[in-house]
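Encoded as structure tokens, the structure appears first; notes follow it.
The values are calculated or read from the model by the stated rules, or taken from the named source; none is laboratory data. Just so it is clear, the model here is predicted, and its values are computed rather than measured. With ideal geometry, Cβ positions are generated from the backbone for all residues, glycine too; neighbour counts draw on all protein chains shown. Just the protein is used for accessible areas: all its heavy atoms, side chains included, with ligands, DNA and RNA removed. Shrake-Rupley method; radii C 1.70, N 1.55, O 1.52, S 1.80 Å.
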Amino acid sequence: MVAVAGGEGAELDYAALFAAMPAACVVLDRQLTIVAVNEAYVAATGRAAEELLGSGFFDAYPPDPSDPASHGAEVQRRSLEVALTSGRTNMLLLHRFTVPRPDRAGRLDPRWWNVVNRPVKGADGQVELIIHQVDDVTEYVRSEQEDEGAVDDGRAGDGADVEAPRADMFTRAQELRQANARLQESALRTRDVALALQRAMLATPDLAAHPEIAVRYLPALKGMNACGDWYDVVDLPDGRLALSVGDVVGHGVDAASVMGMLRSALSAAIRVADGPNGALETLGLYARSHDGAMATTTFTCQLFPLSRLVMYSNAGHPPPVLMRADGTYDLLDQATDPPLGARLEHVPRPQATAEYRAGDTLVLYTDGLIERRGEDIYTGVDRLIDAIRELRALSPDDLADGLLPAMTDPSGQQDDISLLVIRL
């Protein structure tokens, strides 16, 4: 209950209001699972609320297999994705979408709907729910189609002038629906281009020679999904190996562009610097010449296979986890310094070492893997340690694939994730 104007103790039961409102609505979460259904929606679709609640939207409304030319489900998915990623209301006018017939199991009934997908944002401004509102206009569409057929057959009679405005409205609505579908396709293409750019900049040629390493990149569920996280693997002389992860502040193409520059600069610096701290000192000086690079966090290390040492330096980044084969662990947090550009004057970066044994696992990551709203970051680190310990016997690829769902934020992924797993 929520107190409202109208006298002391006045309250509104929003659940009852939603159930009774005349507009047919369902509420979807970020995974497009149906979490609420009102009475008008049950009446409009003929589906019981118990049948829909907890189902994925497209499990409840699958594509019509008898009509492969229809793209109703695909268009509907695009509309929901646009609302989810952009945070803006998206509409579909005169949208053809089939629903199961309640009187005949396994049969689908083609219907026409005006659809509004309205995002609901949480306190942090991110989309948490989508209100999916429908208005069944099937009878109107069928009557217009019949009227148009009558005109084509020369049977319009004296009523043709009266029906013309309705036919014109029908045509204009169809044009709006088609234009809206084109806009959705353009938004999705823009997102795909941004992701392709990001993946191209994350290309790691030296990785192909290291089956003991698994890398993953998972974009955030917002904006254009191009962000500033990176990972890198660099072969060095004498069998040494350099690993790094980093995170540029911000999202979008600008952050991705800065990420590309910093990643390339660090890759070059670590090949000639005396150690990881020297590489980060060089990168910090370079970052000062780019406004978008300030406050970037990054971790870089070198592995020495003969002495079995990890030498590392950290510029404000969450600490990697060195998980032992027996389930004990070390956090690589003994050489942590502020992010790039945080100091007004140049100060040498710290450096530390840790010993490892054959069979140990090192996990590098960006903060999107551990952060959750309203939660201390160290709680996320502890959760990650527990997940790695649980999965430590798996191969690097399987461990990486297992970590992502294990660490998923139930309220939705707010930031992108870069992950690097190496079996030492």
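Between a first residue in the range 285-306 that is in contact (Cβ under 8 Å) with a residue 12 or more places away in the chain and a second residue that is part of a loop (DSSP other than H, G, I, E, B) and among the β-branched types (Val, Ile, Thr), which pairs have beta carbons less than 9 Å apart while being 6 or more apart in sequence or on different chains?
Partner pairs satisfying both residue conditions: Ala287/Thr296; Thr297/Thr366.
Looking at the range 372-424 only, could you name the residues that are at pLDDT 90 or above and among the charged types (D, E, K, R)?
Asp382, Arg383, Asp386, Arg389, Glu390, Arg392, Asp397, Asp398, Asp401, Arg423 - these are the residues of the range 372-424 that are at pLDDT 90 or above and among the charged types (D, E, K, R).
Thr353: at pLDDT 95 or above and open to solvent by 70 Å² or more (accessible area, probe 1.4 Å), yes or no?
Details: at pLDDT 95 or above: yes; open to solvent by 70 Å² or more (accessible area, probe 1.4 Å): yes.
Judged against the criteria, Thr353 is a match.
When the range 122-164 is examined, which residues are found to be touching a helix residue (DSSP H, G or I) at 6+ places or on another chain (Cβ under 7 Å), closer than 25 Å to His95 by Cβ and modelled with pLDDT under 70?
The answer is Glu144, Asp147, Glu148, Val151, Glu163.
If I go through the range 245-256 residue by residue, how many of them are in a helix (DSSP H, G or I) and surrounded by fewer than 18 Cβ atoms within 10 Å (Cβ to Cβ)?
Total satisfying the criteria: 2.
Output the residue which, of all residues in the range 295-314 that are part of a loop (DSSP other than H, G, I, E, B) and farther than 25 Å from Gly380 by Cα, is most open to solvent (accessible area, probe 1.4 Å).
Leu306
For the range 201-219, name all the residues that are at pLDDT below 90 and open to solvent by less than 30 Å² (accessible area, probe 1.4 Å).
The answer is Leu202, Thr204, Pro219.
Quick one: how many residues across the range 316-336 are open to solvent by less than 20 Å² (accessible area, probe 1.4 Å) and touching a Gly at 6+ places or on another chain (Cβ under 9 Å)?
Within the range 316-336, residues that are open to solvent by less than 20 Å² (accessible area, probe 1.4 Å) and touching a Gly at 6+ places or on another chain (Cβ under 9 Å) number 2.
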